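Read through the structure below, which is laid out as structure tokens, and then see the notes.
The values are calculated or read from the model by the stated rules, or taken from the named source; none is laboratory data. Since this is a predicted model, take the numbers as computed values, not measurements. Methodologically, a virtual Cβ is constructed for each residue, glycine included, from the backbone with ideal geometry; neighbour enumeration extends over all protein chains shown. The accessibility values were calculated without ligands, DNA or RNA, using every heavy atom of the protein model including side chains. Shrake-Rupley method; radii C 1.70, N 1.55, O 1.52, S 1.80 Å.
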There are 2 protein chains.
Amino acid sequence: MANRSCIIRLSRYKNALNRLKTLNFVRVFSDNLADAAGVTAAQVRKDFSLFGITGNRRGGYKVDELSDQLNKILGKDQLQEVVVIGMGNIGKALFHYGGLEKSGIKVAAGFDIDPVKFDRDSSQPVLPLEGLVDFVRGHNIVLGVIAVPDYAAQQVLELMLSAGIRGVLNFAPICLKAPEGCIVNNINLESELENLIYFVNALEDGK
Amino acid sequence: MANRSCIIRLSRYKNALNRLKTLNFVRVFSDNLADAAGVTAAQVRKDFSLFGITGNRRGGYKVDELSDQLNKILGKDQLQEVVVIGMGNIGKALFHYGGLEKSGIKVAAGFDIDPVKFDRDSSQPVLPLEGLVDFVRGHNIVLGVIAVPDYAAQQVLELMLSAGIRGVLNFAPICLKAPEGCIVNNINLESELENLIYFVNALEDGK
DNA sequence: TAGATTGTTAATCGATTAACAATC
DNA sequence: TAGATTGTTAATCGATTAACAATC
């Protein structure tokens, strides 16, 4: 029903609401959220109606209530645990990124094949890849991040799937084949920059 | 004319072609590229026709030729220089990420407000934010990455714009206001994970 | 030639926007 | 009550897919 773009927008509304909360706002209109998220007010109301979120005609939405509803949809009513595979630049950054913890996402462990990277006894350990399946099963983890080189990514994905991972964020610059029952979202930094380059050039070449 | 999704696909085709090149493939069909990029063959041909890229009926496309054409569209026929603002986890990762250099993108310098991070005399320096405008103008740089906390992001964007930056990749979890003539693409790691969480839950709740 | 693949047009699909009655 | 905002339906817009004539 809801598509990717819709959920990304919900996430933005949620972030905007958090800021409004710290400013002690009590009510908010679709118009305000539209501004904050860079969309139209109709879009905001349409998105809400898809999830049965209702406000008050004339009075808008209560910030607290709306925030709770969005948090629930986005799984923020419970701690989400994630594993990161590949402790290179990107993997390490996510591993240590404080922004996730603040939002209820815990990076439970990192994995690599390079013994130099191991840190077995930490509360946030870095473990050998061979230990992935046991760890993921033992902790009932369903989310993972792939931050390994492209040639290793498909193999790592299959290992993750066999461990029970259901959702994957893939930073490797390759399109992975995932079966039904598993979601793979790709973030390709090179593609993002190439995209930027194309549109900046297009702007300059008039129009 | 072309939209974001289309350019992201071109980037994927290009990456697939590079892999085919290393395998010494000479020709490729829309069908093969479709598989590699996870789209339909019609989509591939439609994308190419948008850019006047033609192949050979019956014989497909020449790998070398096609690769050159895509590289040109994506600006890979010249070195692209980028600055990174914010030397936290994400900023540092991009700063040191080798994958970009391999693809003709050079991170020319990093910027921060924390003196501890400065590294002025390196060939890839980390400089105080006050030096951004001069550096960017001096090097004719038009691309930048924002990797600062959300509350600082809008201010940093405006500084970048005043320096002449035209394309921005924003990792701060906030929707930035950019004027005409500047492109801002957002990558929000928290949103990406929330997206994953939503769809994994949706899968589990039957359909 | 016969067969396979392109290039493009038309059809479909889905998402966004506009509009407005309901109503607080 | 009068005015403003929601919730939803219908209209629009744009992107993807299907189909097939052209042709190598």
Scanning segment A:182-207 residue by residue, the ones that are open to solvent by 50 Å² or more (accessible area, probe 1.4 Å) and under 24 Å from B:ASN188 (Cα atoms) total 1
From the option list B:GLN80, B:GLN154, single residue qualifying as modelled with pLDDT of 95 or more and open to solvent by 40 Å² or more (accessible area, probe 1.4 Å) is B:GLN154
- Query: Can we say B:ASP64 is outside the structural domain of B:SER103 (by TED's automatic domain parsing) and open to solvent by 30 Å² or more (accessible area, probe 1.4 Å)?
  - Reply: yes
Taking segment B:173-206 and keeping residues without any contact (Cβ under 8 Å) to a residue 12 or more places away in the chain, closer than 25 Å to A:ILE183 by Cβ and among the acidic types (Asp, Glu) leaves B:GLU192, B:GLU194, B:GLU204, B:ASP205
The number of residues in segment B:157-168 that are surrounded by 22 or more Cβ atoms within 10 Å (Cβ to Cβ) and either outside the structural domain of B:VAL136 (by TED's automatic domain parsing) or not in a loop (DSSP other than H, G, I, E, B) (or both) is 4
For segment B:60-80, pairs from a residue that is of a type in the set (Phe, Trp, Tyr) to a residue that is open to solvent by less than 40 Å² (accessible area, probe 1.4 Å), with Cβ under 6 Å and 6 or more apart or across chains, are B:TYR61/B:VAL28
Scanning segment A:140-156 for residues that are of a type outside the set (Val, Ile, Thr), touching a strand residue (DSSP E or B) at 6+ places or on another chain (Cβ under 7 Å) and either closer than 27 Å to B:GLN69 by Cα or outside any loop (DSSP other than H, G, I, E, B) (or both) gives A:LEU143, A:GLY144, A:ALA153
| said: Is it the case, given these coordinates, that B:LEU132 is outside the structural domain of B:SER11 (by TED's automatic domain parsing), surrounded by 18 or more Cβ atoms within 10 Å (Cβ to Cβ) and within 28 Å of A:GLU101 (Cβ to Cβ)? | reply: no
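When you check A:GLN124 against the structure, is it surrounded by fewer than 19 Cβ atoms within 10 Å (Cβ to Cβ), more than 12 Å from every other protein chain (Cβ to nearest Cβ) and outside any helix (DSSP H, G or I), yes or no? I'd like the intermediate steps shown before the answer.
On the way: surrounded by fewer than 19 Cβ atoms within 10 Å (Cβ to Cβ): yes; more than 12 Å from every other protein chain (Cβ to nearest Cβ): yes; outside any helix (DSSP H, G or I): yes.
The answer is yes for A:GLN124.
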Filtering segment B:24-58 down to residues that are in contact with a strand residue (DSSP E or B) (Cβ under 6 Å, 6 or more places away or on another chain) and either hydroxyl-bearing (Ser, Thr, Tyr) or more than 10 Å from DNA strand D (Cβ to nearest atom) (or both) yields B:ARG27, B:VAL28, B:PHE29
Restricting segment B:45-78 to residues that are within 11 Å of DNA strand C (Cβ to nearest atom) and closer than 20 Å to A:PHE199 by Cα, the one nearest to the other protein chains (Cβ to nearest Cβ) turns out to be B:PHE51
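Here's the yes/no breakdown for (1) aliphatic (A, V, I, L, M); (2) surrounded by fewer than 21 Cβ atoms within 10 Å (Cβ to Cβ); (3) within 13 Å of another protein chain (Cβ to nearest Cβ):
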residue	(1), (2), (3)
B:ARG120	no, yes, no
B:PRO128	no, yes, no
B:ARG137	no, yes, no
B:ASN140	no, yes, yes
B:PRO149	no, yes, yes
B:LEU176	yes, yes, yes
B:GLU180	no, yes, yes
- Is it the case that segment A:183-203 has a residue that's more than 10 Å from chain B (Cβ to nearest Cβ) and part of a loop (DSSP other than H, G, I, E, B)? no
Picking from A:VAL82, A:VAL39, the residue that is outside any helix (DSSP H, G or I), within 11 Å of another protein chain (Cβ to nearest Cβ) and within 12 Å of DNA strand C (Cβ to nearest atom) would be A:VAL39
Taking first residues from segment A:92-106 that are surrounded by fewer than 19 Cβ atoms within 10 Å (Cβ to Cβ) and second residues anywhere that are of a type in the set (Gly, Ala, Ser), the pairs with Cβ under 9 Å that are 6 or more apart or on different chains are A:GLY98/B:GLY88; A:GLY104/A:GLY75
Discussion item. Any residue at all in segment A:93-100 that's assigned by TED's automatic domain parsing to the domain that holds A:PHE171, under 22 Å from A:ILE7 (Cα atoms) and modelled with pLDDT under 95?
Written reply: yes
Here the residues within segment B:1-36 that are more than 9 Å from DNA strand C (Cβ to nearest atom), touching a residue at least 12 places away in the same chain (Cβ under 8 Å) and of a type in the set (A, V, I, L, M, F, W, C) are B:MET1, B:ALA2, B:CYS6, B:ILE7, B:LEU10, B:ALA16, B:LEU17, B:LEU20, B:PHE25, B:VAL26, B:ALA36
